[in-house]
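The numbers here are math on the coordinates, done by the rules we state, and not lab data. Computed from a prediction, not measured in an experiment: that's the story for all the values here. Quick reminder, even Gly has a Cβ in these numbers, built from the backbone with ideal geometry, and neighbours come from all protein chains shown.
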Amino acid sequence: MHNYDNILHEYIKTIDKKLDDYLQASDAPASIAEAMLYSIFPGGKRIRPVFMLAVAEMLGGKAACDAALPFACALEMIHTYSLIHDDLPAMDNDDMRRGRPANHVANGEAMAILAGDGLLNMAFEIMADYCATVNTSESVQAMSKVAKYSGISGMIGGQVMDIKLENATNVSETEVEYVYTNKTSKLFMAAFGSGALVGGAENSVNVMEDIGHKLGMAFQIKDDLLDISGTKVFGKPIGSDDKNNKSTYISVLGEPRAKEIYANLSSQALESIKTFKNSEFLAALAESLVNRTW
Ligand code: IPE
Ligand code: IPE
Ligand code: MG
Ligand code: MG
Ligand code: MG
């Protein structure tokens, strides 16, 4: 476990250093630069970029891990922008994020919207610049995957239905499954799929994305459970889903069934990870999500 902690710490350090480099390099007005930095640092769990680096390294070694770094940072920027916008009064209207006031509470709504937009654009600039430098089809495919899975056929599409299904009655399991697959799993699938592409393992892209899908679904169900029973370490308001009358696995299927689905998805994902060589770290990371309280 000591080794696991060290590897995780190293991945996060590498990601944070590169994120800082990218953000410091801009010549933006101080107000927007500060609003972007506010949400990126100190940051959250960095689970998506860590997954991407770990997948790339498992499948393609150290060089692949280095090549995945720009995509991993871009993905974390897109994820962070999605959180800033998710908290806005027009969406979930939540005032706490990552243990402190939400971006719009600290910087005002206009600056929060623009900080989200700024992070989204910077993500694409980073990926495009990298693709232009290395000029490989894998890198272009990796960028395309991140674009698709964070757009209307991915995270944004899921957020749309998440909002549309507020206060809805008779919501089906298929409808919540769509929401979770898109708002949450797609960014996990981007991490696993792009990590595999950059890792030079095109044959493993589908299996990796399936693992990302399952882990993402489980991750969101756990997030919903913590929205009910979480403590201060959760870093965001408890009871947000109830306040907004969200349609979740818990509200639609009941807590016992939601927990059952969660346990099944987690163990299937873990089993699949363990079929890969050198998968110890990835398996330990996936396992750490199962019992998380934060
Ligand atoms: C929050 O994601 C949004 C969900 C999909 C549940 P994280 O729980 O990964 O948030 P951070 O990045 O650690 O703050
Ligand atoms: C949001 O789900 C997922 C995103 C795409 C941001 P939630 O609304 O449950 O995320 P939290 O609980 O606010 O982090
Ligand atoms: Mg939301
Ligand atoms: Mg929310
Ligand atoms: Mg939530």
* To do: Just order 204-211, 188-195 by mean Cβ neighbour count inside 10 Å, highest at the front, would you?
  => 188-195, 204-211
* Asked: What residues from segment 136-168 fall in the zone where the backbone N is under 12 Å from a label point 7 Å along the Cα-to-C-beta line of residue 175?
  -> 161-168
* FRET efficiency for residue 152 and residue 110, Cβ-Cβ distance as r, R0 = 25 Å, nearest 0.05? -> 0.55
* **Potential lengthening between residue 290 and residue 128 on full extension [0.36 nm per residue; Cα-Cα distance subtracted]** => 54.8 nm
* Taking the Cα centre of the chain as origin, sum charge times position over the Cβ atoms of Lys and Arg (+1) and Asp and Glu (-1), and report the length of that vector in debye to the nearest 20. => 420 debye
* Asked: What translational D, rounded to a whole number of µm²/s, comes out for segment 119-175 from Stokes-Einstein when the hydrodynamic radius is the Kirkwood one over Cα pairs, at 20 °C and 1.002 mPa s?
  -> 160 µm²/s
* To do: For segment 63-207, build the convex hull from the C-alpha positions and give me its volume per residue in Å³.
  => 118 Å³
* Going down the list 148/259; 232/274; 148/214; 164/232; 13/222, which pairs span over 24 Å between their C-alpha atoms? -> 148/259; 232/274; 164/232; 13/222
* To do: Return the ratio Rg/(2.2 N^0.38 Å) for the chain, where Rg is computed over Cα atoms only.
  => 0.95
* To do: Could you pull out every one of the aspartates and glutamates with an alpha carbon less than 14 Å from that of residue 236, ignoring same-chain neighbours closer than 8 positions?
  => 86, 87, 92, 94, 95, 223, 224, 227
* **Label-point separation in nm, residue 271 to residue 9, each point 7 Å along Cα→Cβ** => 3.5 nm
